[in-house]
Structures are given as C-alpha cells and as structure tokens.
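The values are calculated or read from the model by the stated rules, or taken from the named source; none is laboratory data. Because the structure is predicted, anything quoted here is derived from the model rather than measured. With ideal geometry, Cβ positions are generated from the backbone for all residues, glycine too; neighbour counts draw on all protein chains shown. What goes into the accessible areas is simple: the full protein's heavy atoms, side chains included, and nothing from ligands, DNA or RNA. Shrake-Rupley method; radii C 1.70, N 1.55, O 1.52, S 1.80 Å.
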Amino acid sequence: MSRRGLVVALLCGVLGVGLGMVVAYAAQPHTSYSHDTHPMSAVSPSAPIDEPSPVKPPAHDINYPSLDPSLSLPPPERAIGNQLATWTYHVPQGWQAYAVCTVFSECQPPIVTDTELTPEQADRQPEVRYRPPDEPTVGGYSLRVKILDNTLGLNPGQMVGTKVEGFKQSYDDFKKLKVEPSAAYFTYRDGNNHLRYNYFQWFAAPGSTTATLEMSVAGRKQDVPGLKALFDRFADNVIGTSEPYHPPKQKTQKGGDQKGGGDQNGGQGG
C-alpha cells in the first residue's frame with residue numbers, strides 16, 4: 001500500500017472510533033445540569049406525587065328561623081337526678097322534650113332517640129333534649145341536659161378537659177372558641193358536614209365539687225346570639241342539691257297499666 005493510502009486508512013479508522021464513541025455516549029442515560037437555582041422537573045418520577053385533596057366546604061344550614069335571644073324560660077320547672085344529686089331547671093316555653101338514648105344514657109323500650117316525651121317521662125330520663133316541636137330532627141338548635149353518674153368525683157374543670165379532647169379527636173374542623181373553669185365553647189363539623197356551634201357547661205351541687213349535671217346548647221352560626229342567651233339563662237335558673245333524686249311516680253291507666261317510660265304513644269320527633 002502506498003504512503004497516501006496508508007494515511008487515508010488511518011484517518012478512516014480514527015473517524016470510525018470517534019463516531020462510535022459519540023453514538024455510545026448518546027445512548028447512555030446521563031444527568032441534566034442547569035445553572036438556574038430553580039429545581040429541575042422530573043422526566044419520569046419513580047412514584048406518583050400525591051396532590052392534597054381539596055377541602056370540602058360545609059353543607060348549607062337548614063332553612064329554619066334563627067334562635068331568638070329574647071326567648072323566655074317560664075315555669076313549670078323540669079327535674080333530673082340520680083343518687084348523687086337532684087337538679088331543677090327551666091326550658092324555653094313551648095319546646096318539646098325528646099329522648100336521647102346512648103350507651104351511657106339507656107332508654108327503656110319502646111323509647112328510642114328522638115321519641116317525644118311527656119313532662120313525666122322527661123323527668124325520669126337520664127338525658128333529654130329540648131327543641132321546638134316543628135323543628136327538623138337534624139341541623140337546628142337545641143338544649144340538652146344530662147345527669148352524670150360521676151362516681152369518680154370529677155370536678156367541672158376536669159369534665160371540660162375531657163369533653164374538649166373527645167370532640168377534638170372525633171370531629172373534623174374542631175375549633176376551640178373559649179374555655180372557662182366549668183364551660184367550653186367550640187365549633188366542629190358533624191356527621192352531616194354541618195358546621196355546628198356547641199357550648200357545654202358542668203354543674204356541681206352546693207357543698208360538693210363533683211360534677212353531676214351537664215348541659216349544652218347547639219346550633220348554627222346564625223343562632224349564636226340566641227345560644228349565648230339560652231346558655232346564660234339556664235345557668236341563672238338551675239338549682240341543685242346533693243340529695244338523692246326521687247322521680248315522679250308513673251301515672252297508671254285504668255286496669256293498673258303503667259304509662260311513663262313504657263308509653264306506647266311516644267313517636268319520632270320532627
């Protein structure tokens with residue numbers, strides 16, 4: 001081979017090796033670099049990126065008139081109690097009593113939650129809710145009273161802390177508005193996605209530090225002035241003693257059948 005042919009062959013070999021290296025490099029995955037300070041976007045992330053779920057707005061409140069702050073709490077008195085204490089209290093005029101049946105406040109059949117109660121039946125229940133008789137069962141305002149079988153002797157302040165923590169763990173959008181030595185004020189979303197305003201207070205009978213009565217008012221934002229008025233008026237009128245409670249005797253029908261807790265006429269509240 002001539003000298004010229006040898007030079008040409010060498011140049012072709014060098015070019016072939018160089019092109020092979022370029023092709024091989026281009027086929028390899030490599031890291032991108034940027035002089036910008038902003039983060040580089042991933043081309044193919046190894047795991048999907050979870051987007052925060054949008055916050056669902058509260059459901060619209062029910063269409064029902066607001067709680068009137070000027071409502072009155074006239075006689076007659078209602079009563080509730082157990083072996084630890086006896087309490088008497090007033091409720092808004094014209095409001096209906098309804099049963100509240102839970103694991104801790106059992107009801108005797110055929111009474112179930114939201115059964116309409118006569119005054120005599122209400123005075124025999126461990127927990128009662130009062131609201132206007134034409135108000136819907138869910139979403140309105142109400143007053144609730146509950147006698148506490150507080151054998152541990154917890155004082156009102158301890159009940160406050162227990163209730164606040166319980167609601168905080170159980171409901172969405174819990175917000176503590178105010179806490180006092182015997183009362184707690186907060187908002188939360190209930191199981192129907194309604195924003196609720198709930199105020200609680202606990203009472204110990206004179207001469208005792210044991211909380212034996214729990215009351216609460218609940219409603220919508222538009223009911224807040226009325227809730228505050230009802231809350232304060234209840235506290236001004238409630239009277240307690242450390243004497244054991246003697247509920248009213250059940251009325252008897254002809255033939256000796258008892259009414260009261262076993263009243264077959266108790267219907268669902270509306």
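So here's what we get for this one:
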| quantity | calculated |
| --- | --- |
| Residue count, the range 171-183 (criterion: within 15 Å of His194 (Cβ to Cβ) and not in a strand (DSSP E or B)) | 1 |
| Test: residue in the range 52-75 that is closer than 30 Å to Val145 by Cβ, at pLDDT below 95, over 29 Å from the mean Cα position of the chain (by Cα) and of a type outside the set (A, V, I, L, M) | yes |
| Number of positions in the range 119-162 that are basic (Lys, Arg) and open to solvent by less than 30 Å² (accessible area, probe 1.4 Å) | 2 |
| Residues being assigned to a loop (DSSP other than H, G, I, E, B) and within 18 Å of Gly139 (Cα to Cα) - total across the range 190-232 | 6 |
| Answer residue from the range 174-190, given it is open to solvent by less than 30 Å² (accessible area, probe 1.4 Å) and small (Gly, Ala, Ser) and is nearest to Ala235 (Cα to Cα) among those | Ala183 |
| Leu154 over 30 Å from Asp68 (Cβ atoms) and at pLDDT 95 or above | yes |
| The range 191-223: number of residues that are surrounded by 21 or more Cβ atoms within 10 Å (Cβ to Cβ) and acidic (Asp, Glu) | 1 |
| Identity of the residue in the range 98-117, among the aliphatic types (A, V, I, L, M) and open to solvent by 60 Å² or more (accessible area, probe 1.4 Å), that ends up farthest from Thr212 (Cα to Cα) | Val112 |
| Flag for Gly166 being loosely packed, with under 15 Cβ neighbours inside 10 Å and under 15 Å from the mean Cα position of the chain (by Cα) | yes |
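Yes or no, residue by residue, for (1) without any contact (Cβ under 8 Å) to a residue 24 or more places away in the chain; (2) outside any loop (DSSP other than H, G, I, E, B); (3) closer than 25 Å to Ala184 by Cα:
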position: Glu116; (1), (2), (3): no, yes, no
position: Gln121; (1), (2), (3): no, yes, no
position: Gln125; (1), (2), (3): no, no, yes
position: Val128; (1), (2), (3): no, yes, yes
position: Glu135; (1), (2), (3): no, no, no
position: Gly139; (1), (2), (3): no, no, yes
position: Val145; (1), (2), (3): no, yes, yes
position: Asp149; (1), (2), (3): no, no, yes
position: Leu152; (1), (2), (3): yes, no, yes
